[in-house]
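Below is one structure, written out as structure tokens, with a few remarks after it.
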Amino acid sequence: MLRLDALTLQPAETCAVIGPSGCGKTTLLHLVAGLLRPTLGTVSVCGQRLDELSVSACDRFRGRNMGIVFQRLHLLPALSVLENLLLAQHLARVSRDGAAANALLDALGIGELARARPAQLSQGQSQRVAIARALVHRPSLLLADEPTSSLDDGNAVRAIELLRTQAQSIGAALLVVTHDRRIRGQLDREVVLGGAA
Amino acid sequence: MNWPRLALANLRASPLTSLVNVVLLGLGTASIVLLLLIGEQLSSTLTRDARGIDLVIGAKGSPVQLVLSSVYHADLPTGNIPKAEADRWASDPRVARAVPLSLGDSYRGFRIVGTTPGYAALYDGQLAAGRFWKAPMEAVAGAAAAREARLQEGSHLVGAHGLVGGGHAHAGHPYRVVGVLAPTGTILDRLILTSLDSVWELHEAGHPEDDHDADHDHGHAHGHAHKSDPLPEAEASHDQEADHAHDDAATGDSEGREITALLVRYHSPLAATTLPRQINAESSLQAAAPASEITRLLQLVGLGLDGLRAFAGVLILTAAFSVFAALYGALKARRYDLAMLRCLGATRAEVLLSLLLEGLLLVAAGALLGFALGHGTMEVLGRWMAASRGVSATGWTWLPAEMVLIIGLVTIGLLATLLPAWQAYRTDVARILAG
């Protein structure tokens with residue numbers, strides 16, 4: 001049971017939800033993404049109440065307006081890095097834009113990996129690809145689940161910085177859920193769950 | 001990047017599994033296609049060669065053998081029949097046309113058929129060169145016989161006793177080829193035609209008890225005159241041949257002449273109800289209808305083809321099961337992929353369709369391979385048969401049954417994919433991603 005009184009993000013605002021394992025962070029993220037439906041209360045994204053949408057409409061809405069970076073990155077292994085990005089564009093129902101996808105990969109410093117397979121990438125490279133895939137259709141809301149848990153201190157800070165700057169560059173709000181206290185103080189707002197502040 | 005490309009990429013990601021599935025499906029499909037084509041072409045060849053022949057009248061014996069020997073020239077004749085008796089039925093009012101055949105000799109494996117030009121007309125055989133025979137010992141070669149035995153107008157050929165070659169040669173009595181027929185795609189192409197007189201003359205000539213008037217008038221149109229043998233020693237072993245159809249043909253006088261069979265075309269289909277029964281009951285002859293004998297024969301062959309077809313069906317089912325196992329087995333490994341597709345904006349229906357698409361792509365590739373393989377093999381087989389047997393067969397035809405096969409393949413493919421696709425449809429994205 002996750003209880004949350006109210007949480008509102010402004011456009012382009014960044015927010016960290018911090019709490020220990022099992023406090024409901026991932027559930028919150030799934031609720032916001034529309035992958036779960038709340039038993040009580042409502043979730044609205046870009047002014048759209050998700051519970052008013054059918055399952056299919058919610059899938060489409062999520063695809064168009066949100067980008068999600070999971071702890072486990074789930075890049076499609078059968079596709080190249082660039083194809084993973086192009087598929088995200090296709091599923092978000094935005095027009096195919098290979099130039100934008102390549103530019104984004106360049107901005108993330110992995111432009112030369114466009115033709116590589118996910119299996120050939122390092123963990124850090126894979127995460128950048130996952131971030132690129134979550135941004136390539138220019139969503140309004142970027143969600144990240146434990147983006148720093150498997151990274152050392154320096155890389156953890158850099159990953160959060162990357163998420164923040166990239167979200168800002170397209171004017172998207174950013175919601176990060178994590179148990180990682182290293183990211184405290186890096187985002188606009190912090191919400192602590194489970195009294196573990 | 002769209003759904004078909006994603007499906008292709010997924011199939012390419014496990015190339016060995018995909019290849020095995022496509023090859024299994026292809027082999028099963030090719031077997032069925034080949035069996036369909038062989039069955040169809042066999043029956044169409046048999047039907048084409050029996051065109052215009054409602055009834056065969058010949059000596060008592062096996063009706064299938066009578067039809068095989070005198071229509072398809074594929075078996076030994078059942079024996080000979082008196083021409084006088086055959087003529088009686090030829091002039092029956094129920095008979096529109098009757099063509100006599102006298103068999104017994106061959107040249108390099110091509111049968112020499114004593115008959116009338118009406119025989120070539122049965123198959124719409126046109127002369128490509130020369131003319132039909134006017135005198136005994138003149139012959140007209142069918143297209144394939146002429147090509148393969150290198151016969152042309154003016155060639156001479158020496159018939160050998162017996163129908164399969166290797167028999168005693170009628171060395172002193174060469175035929176002269178006076179005409180060559182255009183190809184018809186029927187058995188006619190592989191025959192050498194001559195007059196009845198020629199056959200009679202050849203085989204009467206050697207018998208000492210025959211007419212001794214020493215008349216050498218070979219031009220005699222009716223061939224009634226019996227000739228003395230210019231090469232008596234060549235005929236020494238002739239009488240000992242037991243398996244020929246025309247041994248007895250030589251013993252009688254002109255009234256006792258014999259033929260091997262009479263090919264009959266009815267005036268009206270009604271004749272079929274009375275004429276064969278009457279012949280079989282009232283005479284020493286046998287009447288057999290090619291159509292019903294073909295049907296009997298094809299039923300026998302059909303049993304074999306059905307068995308093979310069932311075997312090919314098992315192959316296809318195995319392939320379908322393999323497709324199912326591949327997709328279903330991969331489902332567990334790919335459940336994160338499928339959940340991710342949903343997160344990226346794919347609806348449940350789209351995820352379901354993407355898996356169906358993968359299954360159908362496998363089936364389509366297998367079917368394509370199978371149809372190419374089946375038709376290609378048939379074409380190779382057809383060319384080989386045309387060269388060695390004179391049977392015209394081709395792989396470049398399309399049968400209505402193949403449409404049914406395609407529908408069956410798609411159905412099987414859908415069934416094999418449906419359960420994995422349904423599982424994908426029901427994927428609980430949040431649970432998988434949280435786990």
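The values are calculated or read from the model by the stated rules, or taken from the named source; none is laboratory data. If you're wondering where the values come from, they're calculated on a predicted model, not measured in any experiment. All Cβ positions, even for glycine, are placed from backbone atoms using ideal geometry, and neighbour counts span all protein chains on display.
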The residue that is nearest to A:ALA144 (Cα to Cα), considering only those in segment A:47-71 that are out of contact with any helix residue (DSSP H, G or I) (no Cβ under 7 Å at 6 or more places or on another chain) and assigned to a loop (DSSP other than H, G, I, E, B), is A:GLN71
Within segment A:39-62, of all residues that are more than 20 Å from the chain's Cα centre (by Cα) and more than 9 Å from every other protein chain (Cβ to nearest Cβ), the one nearest to A:VAL176 (Cα to Cα) is A:THR42
The condition from (1) more than 16 Å from the chain's Cα centre (by Cα); (2) modelled with pLDDT of 90 or more that A:LEU151 misses is numbered (2)
Within segment B:409-435, the residues that are more than 45 Å from the chain's Cα centre (by Cα) and under 10 Å from B:VAL323 (Cα atoms) are none
Filtering segment A:87-121 for residues that are crowded, with 20+ Cβ neighbours inside 10 Å and at the interface with chain B (Cβ under 8 Å from one of its Cβ atoms) leaves a count of 6
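State the number of residues belonging to segment A:8-38 that are among the small types (Gly, Ala, Ser) and within 14 Å of another protein chain (Cβ to nearest Cβ). Please lay out each step first, then the result.
Taking segment A:8-38 as the starting set, the residues that turn out to be among the small types (Gly, Ala, Ser) are A:12, A:16, A:19, A:21-22, A:24, A:33-34.
Now narrow it down to the ones that are within 14 Å of another protein chain (Cβ to nearest Cβ): A:21-22, A:24, A:33-34.
Going through segment A:8-38 one residue at a time, the tally reaches 5.
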Residues in segment A:20-46 that are of a type in the set (Lys, Arg) and assigned to a loop (DSSP other than H, G, I, E, B) total 1
Of the conditions (1) loosely packed, with under 13 Cβ neighbours inside 10 Å; (2) under 24 Å from A:LEU163 (Cβ atoms), the single one that A:LEU76 does not satisfy is (1)
- Check whether at least one residue in segment B:293-309 is crowded, with 21+ Cβ neighbours inside 10 Å and closer than 18 Å to B:LYS60 by Cα, and report yes or no. yes
Quick count over segment A:23-57, residues being more than 19 Å from A:ALA172 (Cα to Cα) and either of a type in the set (Lys, Arg) or free of Cβ contacts under 8 Å to residues at least 40 places away in the same chain (or both), is 17
Those residues of segment B:83-138 which are of a type in the set (Lys, Arg), in contact with a helix residue (DSSP H, G or I) (Cβ under 9 Å, 6 or more places away or on another chain) and farther than 17 Å from B:THR186 by Cα amount to B:LYS83, B:ARG94, B:ARG97, B:ARG108
Within segment B:331-340, restricting to residues that are within 11 Å of chain A (Cβ to nearest Cβ) and of a type in the set (A, V, I, L, M, F, W, C), the one that is farthest from B:ASN2 (Cα to Cα) is B:ALA333
Only one of (1) touching an Asp or Glu at 6+ places or on another chain (Cβ under 9 Å); (2) part of a helix (DSSP H, G or I); (3) crowded, with 21+ Cβ neighbours inside 10 Å does not apply to B:VAL56, and that is (2)
Quick count over segment B:1-26, residues being buried (at least 20 other Cβ atoms within 10 Å of the Cβ) and away from chain A (no Cβ under 14 Å), is 5
Selection from segment B:401-413 of residues surrounded by fewer than 19 Cβ atoms within 10 Å (Cβ to Cβ) and either modelled with pLDDT under 90 or not assigned by TED's automatic domain parsing to the domain that holds B:ALA346 (or both) yields B:ALA401
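Per-residue answers, yes or no, for (1) of a type in the set (Gly, Ala, Ser); (2) farther than 18 Å from B:PRO276 by Cα:
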residue	(1), (2)
B:ASP49	no, yes
B:LEU55	no, no
B:GLY58	yes, no
B:SER62	yes, no
B:LEU68	no, no
B:THR78	no, no
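Determine whether segment B:374-390 contains at least one residue that is within 14 Å of chain A (Cβ to nearest Cβ) and among the charged types (D, E, K, R).
no
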Restricted to segment B:341-363 and to residues being free of Cβ contacts under 8 Å to residues at least 40 places away in the same chain and not polar (S, T, N, Q), the residue farthest from the other protein chains (Cβ to nearest Cβ) is B:LEU341
Apart from one, (1) of a type in the set (Gly, Ala, Ser); (2) crowded, with 16+ Cβ neighbours inside 10 Å; (3) under 30 Å from B:SER62 (Cβ atoms) all hold for B:GLY130; the odd one out is (3)
